[in-house]
Every structure is written in structure tokens, then in C-alpha cells.
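One structure is given below, encoded as C-alpha cells.
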Amino acid sequence: MNAFVRKLECYRSLNDSDRALVKALTGKARLAERHTDLVEEGVPTNVVHVILNGWAIRHKTVRGGRRQIFGCLVPGDICDLHAALLDEMDHTVSTVSDCVIAEIRRPDILDIVAERPALTRAFWWTMLVDEAVLREWVTNIGARDAKLRIAHLFCEVHARLEAVGLVSEGTFKLPMTQQELADTVGLSIVHVNRSLRVLRERGLASFRNQIVEIPCVDRLRKFSDFEASYLHLNPAPRAQSVSC
């Protein structure tokens, strides 16, 4: 199934007509290579980008070159729905892997808002979830220690990827370098390495060659105090989760 359709249906049931429209709007996809800026801060855009395959990040760079990553975008995610309403973005969206990207024109988004109530609710729901995720990330960086930050991030990514069928027996791809992971959780590479070692030694999670393996998701969720309710995903059978 189209990853975007699957993601939208995590929030709202769509009828056949709505599904067909979404597939048509995302049918002409293009390849964006790793480290491509899909949207640049302050630059106007007339299209909304949807990730059908691959990973991207939201980030800002401050004076001195320090970068803060404050959002991961996975298959099925909309990168910049804000662009349908605002003249320009207030942050940059860049790929961290090769991505398959669909572009939906602003007029098509506005037509959906005017004519497709179920799709509109699903679209706006994605924006509300983006805000909820941002609040959780702020909490993660401000109130959790290093190993808990990484564990919580792994739990969130696991839940989001599982919703679009991209988790297999507790294992999923996380195409980030250790520096990108450090920029995401607000730590140095040294602290990231130490924290990953603790998680690995405790049998909670491992991260090697851009692959995360979680032997027991429930244990990692308990350890990191992860509660998935802020993602607002419809309950679905966790057939691929590792029971423990």
C-alpha cells in the first residue's frame, strides 16, 4: 500500500475515492539523494513534499554552525503541510538517506480542504501530531538523561515505522550517522556512544550499521517511560513486535 495512504488511515478512515485521489496526487514521485534540502528556511515553495520511501529531518542551524534536529520524517510523512498556508518555512527539511518524494501542488491541497472533509481531517491531524511530537522531543532533551533520550527516540521511531509496516521482529532501519543522532538528542558523540553502550549491555537496544534492534519493545518502553498516546495512532495488531 502507498505509505502516505497507510499513514493517513492511522488517523482517519478514507473511502475508495479519497484513497484513489491520494494515490493519484503522489503517483509521480522523484528520487532525492541523501543530504538534499527539500525545503529551505525562508525560501518560498508552492508544493508540499511527501516521503514515500526514505528518511528526512527537520532542523535549524545557529550561529557557529551548531545544528539542532527536531523532527524525523519517515515514509508516509508530510514534510511541509505548513507551506499550503504560509509563504515560507521557518526551518529546513533535508534528506538523510536517498528518498522517494512526491510533490503535491498548493492548489491541490486547497481543493482537498474545500471538497474532501475526511482527507482534510487526516491532513490536519498529521499537523497536530507533529506538534505533539515536538513537545515530546522538547521534554526528552530538557528532562531526560542521555540514555533515556536515546531509548525514548528508539521507541518513538519503532511505533511510527510499525504503523506503516516497516518493523520486522523489533528491527528497523535508522539511517542516521552518530553525529546526526547526537544532533537529534542534544548530546555529544561521546555521550551518544556511552549511552548506546549502556543500552546494549543491558540488552535493551543496539544500533549498528544504521540498524536498530530492540529485543523486547515493552522493556525498552518501560525503561524510557515511553507512552505512545501522543502519536495518536489507531490501535493495530502488533504482529511484528517482539513479545517478552
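The values are calculated or read from the model by the stated rules, or taken from the named source; none is laboratory data. Small disclaimer: the values here were computed from a predicted structure and weren't measured. All Cβ positions, even for glycine, are placed from backbone atoms using ideal geometry, and neighbour counts span all protein chains on display.
Before we move on, is K60 over 16 Å from the mean Cα position of the chain (by Cα), farther than 21 Å from V100 by Cα and among the basic types (K, R)? Criteria met by K60. One residue alone among F154, F226, F172, F207 is under 28 Å from R34 (Cβ atoms), surrounded by 14 or more Cβ atoms within 10 Å (Cβ to Cβ) and in contact (Cβ under 8 Å) with a residue 60 or more places away in the chain, and that residue is F154. May I ask you to say which residue of A32, A56 is more than 27 Å from A228 (Cα to Cα) and in contact (Cβ under 8 Å) with a residue 24 or more places away in the chain? Of A32, A56, the one residue that is more than 27 Å from A228 (Cα to Cα) and in contact (Cβ under 8 Å) with a residue 24 or more places away in the chain is A32. A search for C-beta distances below 7 Å between a residue of the stretch 116-138 that is in the same structural domain as I57 (by TED's automatic domain parsing) and any residue that is of a type in the set (D, E) and surrounded by 13 or more Cβ atoms within 10 Å (Cβ to Cβ), counting only pairs 6+ apart in sequence or on different chains, returns R116/D18; A118/D18; L119/D18. Across the stretch 1-26, the qualifying residues are those that are assigned to a loop (DSSP other than H, G, I, E, B) and over 16 Å from P75 (Cβ atoms), and the one among them that is nearest to the chain's Cα centre (by Cα) is R12.
For the stretch 39-72, filtering for residues that are of a type in the set (S, T, N, Q) and in a loop (DSSP other than H, G, I, E, B) leaves 2.
Which one of these is assigned to a helix (DSSP H, G or I) and modelled with pLDDT under 90: A83, A122?
Going through A83, A122 in turn, just one is assigned to a helix (DSSP H, G or I) and modelled with pLDDT under 90: A83.
Looking across the stretch 62-89, the residues that are in contact with a strand residue (DSSP E or B) (Cβ under 8 Å, 6 or more places away or on another chain) and loosely packed, with under 12 Cβ neighbours inside 10 Å come down to V62, D87. Just to be sure before I move on: is K147 among the charged types (D, E, K, R), within 15 Å of the chain's Cα centre (by Cα) and either modelled with pLDDT of 95 or more or surrounded by fewer than 20 Cβ atoms within 10 Å (Cβ to Cβ) (or both) in the structure I sent? No, not satisfied. Within the stretch 16-50, the only residue that satisfies the criterion of being crowded, with 20+ Cβ neighbours inside 10 Å and within 23 Å of V138 (Cβ to Cβ) is V39. The criterion of at least 2 residues that are closer than 30 Å to G65 by Cα is met by the following helices (runs of 4 or more DSSP H) wholly inside the stretch 155-240: 178-185, 189-201.
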